[in-house]
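This report concerns only the one structure given below.
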Amino acid sequence: VEFKFTKGTWLSEALDTNNTAPDNYKIKFINDTTLTFTVKSWGKISKKPMGQITGNVRYHKNFGGAGILPRDIIVWLPSGYDSVSDKRYPVLYMHDGQNIIDPLTSAFGIDWQIDETVDSLIYSKLIQEIIIVGIYNTNNRGSEYLETQTGYAYLNFIVGRLKPYIDSNYNTLADNQNTAVAGSSLGGIISFMLVWEFPEIFSKAACLSPAFKIDAIDFVDNVKNYNGSKKDVKIFIYNGGIGLEEILQPGVDEMLGALNEKGFTEGIDLNYIKDSLAEHNETAWAKYTHNFLQYFFPAK
């Protein structure tokens, strides 16, 4: 189990003897166990965000869709975007958009640093120039990112509302071969669902620490029970090995097996990375963004 103590909100978090917020407790139980904890003080620690926004971003506030809450959209553009009017770019859509570019809006003050990574890879001529569309989450994240009525409303919002808007207002390559999606944890499963349900629109999905099968969540069976022709998509899967990552691993293993049974081949249309020492956080995911970026958008 992995846990922290609060008095109900992060405004009253348990602090240690140095008046700082400790990391999550991670304890593996073998049999009946009694543990005693002493909280010295309670409070909120303001963590200074690390990093900044690199590059040119634009915001679309309170962007709404049928059946879901409105949310902000952040769009990252390559450095030469405004100076070249006739060039069109592949697009990467990402869930939990407030956590990917701007440390000031990231939940824990640390972002994916996708802006710095993409900028460096473009400069090094390792990937194509791309556009990134970050979709902020809402208080309904738990239902929007799952196989629920709200989850499918969220998918339909991306396919029917957001993508057409982005394609109409930015110089995009709108075909499915130039359209990818990425996310972590629940964002990993909804990324997989998007490419699995709409392969004619999205052809690439990066699923980092994905919740494919855990507790009542199970999208592995959807893949196992699929009897249609093989989907022409690429899947990138990553998982760590500590805390929640260890709990997610059986579902990841089952999904890899199901994809193999459906004709997916490692190194061709399936790419899997395992880091046994990594935890479930933005720092770990940031470390592996360059892998799926080079897999999806290799320099021509």
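The values are calculated or read from the model by the stated rules, or taken from the named source; none is laboratory data. What you see is a predicted model; the values in this text were computed from it and never measured. Using ideal geometry, Cβ is built from the backbone for each residue, glycine included, and neighbour counts are taken over all protein chains shown. Surface accessibility is based on the protein's heavy atoms, side chains included, excluding ligands, DNA and RNA. Shrake-Rupley method; radii C 1.70, N 1.55, O 1.52, S 1.80 Å.
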Inset, instruction - Give me a count of the residues in region 38-67 that are assigned to a loop (DSSP other than H, G, I, E, B), more than 22 Å from the chain's Cα centre (by Cα) and modelled with pLDDT under 90. - result: 8
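Look at region 173-182 and say how many of its residues are open to solvent by 10 Å² or more (accessible area, probe 1.4 Å) and either outside any loop (DSSP other than H, G, I, E, B) or within 11 Å of Tyr93 (Cβ to Cβ) (or both).
Let us first name the residues in region 173-182 that are open to solvent by 10 Å² or more (accessible area, probe 1.4 Å), namely 173-178.
Next, only the ones that are either outside any loop (DSSP other than H, G, I, E, B) or within 11 Å of Tyr93 (Cβ to Cβ) (or both) stay: 176-178.
Qualifying residue count for the region: 3.
For Tyr170, indicate whether it is open to solvent by 50 Å² or more (accessible area, probe 1.4 Å), out of contact with any helix residue (DSSP H, G or I) (no Cβ under 7 Å at 6 or more places or on another chain) and hydroxyl-bearing (Ser, Thr, Tyr). I'd like the intermediate steps shown before the answer.
Working: open to solvent by 50 Å² or more (accessible area, probe 1.4 Å): no; out of contact with any helix residue (DSSP H, G or I) (no Cβ under 7 Å at 6 or more places or on another chain): yes; hydroxyl-bearing (Ser, Thr, Tyr): yes.
The answer is no for Tyr170.
Name the residue, out of Asp32, Asp96, Asp86, Asp111, that is within 26 Å of Pro298 (Cβ to Cβ) and exposed (fewer than 11 other Cβ atoms within 10 Å of the Cβ). So that I can check it myself, show each step before the final result.
Values: Asp32 fails: within 26 Å of Pro298 (Cβ to Cβ); Asp96 fails: exposed (fewer than 11 other Cβ atoms within 10 Å of the Cβ); Asp111 fails: exposed (fewer than 11 other Cβ atoms within 10 Å of the Cβ).
Just a single option satisfies the conditions, and that option is Asp86.
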Inset, instruction - Sort through Arg58, Arg71, Arg88 and tell me the only one that's free of Cβ contacts under 8 Å to residues at least 60 places away in the same chain and of a type in the set (D, E, K, R). - result: Arg58
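Give me the helices (runs of 4 or more DSSP H) completely within region 183-300, filtered to those with at least 3 residues that are in contact (Cβ under 8 Å) with a residue 12 or more places away in the chain and more than 18 Å from the chain's Cα centre (by Cα), ordered by residue number.
Working: elements: 186-197, 220-224, 244-261, 282-287, 289-296.
Fully inside region 183-300 and qualifying: 220-224, 244-261.
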Legend entry - Which numbered condition Thr33 fails, given (1) assigned to a loop (DSSP other than H, G, I, E, B); (2) closer than 27 Å to Ile190 by Cα: (2)
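Could you check, for region 30-39, whether at least one of its residues is of a type outside the set (Gly, Ala, Ser) and touching a helix residue (DSSP H, G or I) at 6+ places or on another chain (Cβ under 9 Å)?
So the first thing to find is which residues in region 30-39 are of a type outside the set (Gly, Ala, Ser), and the list is 30-39.
Then keep just the ones that are touching a helix residue (DSSP H, G or I) at 6+ places or on another chain (Cβ under 9 Å); that gives none.
Scanning region 30-39 turns up no residue that is of a type outside the set (Gly, Ala, Ser) and touching a helix residue (DSSP H, G or I) at 6+ places or on another chain (Cβ under 9 Å).
Name the residues in region 130-147 that are open to solvent by 50 Å² or more (accessible area, probe 1.4 Å) and either aliphatic (A, V, I, L, M) or assigned to a loop (DSSP other than H, G, I, E, B) (or both), would you?
Step one: list which residues in region 130-147 are open to solvent by 50 Å² or more (accessible area, probe 1.4 Å), which gives 139-141, 147.
Passing the criteria: Asn139, Asn140, Glu147.
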Legend entry - One residue from Ser276, Ser229, Ser191 being among the hydroxyl-bearing types (Ser, Thr, Tyr) and under 26 Å from Ser120 (Cβ atoms): Ser191
Inset, instruction - Being small (Gly, Ala, Ser), within 26 Å of the chain's Cα centre (by Cα) and surrounded by 11 or more Cβ atoms within 10 Å (Cβ to Cβ) narrows it down to one of Ser12, Ser79, so name that one. - result: Ser79
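Determine, yes or no, whether Asp86 is more than 13 Å from the chain's Cα centre (by Cα) and within 21 Å of Ala205 (Cβ to Cβ). Full working, then the answer.
Numbers: more than 13 Å from the chain's Cα centre (by Cα): yes; within 21 Å of Ala205 (Cβ to Cβ): no.
No; evaluated as a whole, the condition is false for this residue.
Name the one entry in Pro70, Pro103, Pro22 that is open to solvent by 20 Å² or more (accessible area, probe 1.4 Å), of a type outside the set (A, V, I, L, M, F, W, C) and assigned to a loop (DSSP other than H, G, I, E, B). Can you show your working first?
Details: Pro70 fails: assigned to a loop (DSSP other than H, G, I, E, B); Pro103 fails: open to solvent by 20 Å² or more (accessible area, probe 1.4 Å).
The match here is Pro22.
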Inset, instruction - Identify, by number, the condition in (1) buried (at least 20 other Cβ atoms within 10 Å of the Cβ); (2) farther than 15 Å from Phe296 by Cα; (3) at pLDDT 95 or above that Glu282 doesn't meet. - result: (3)
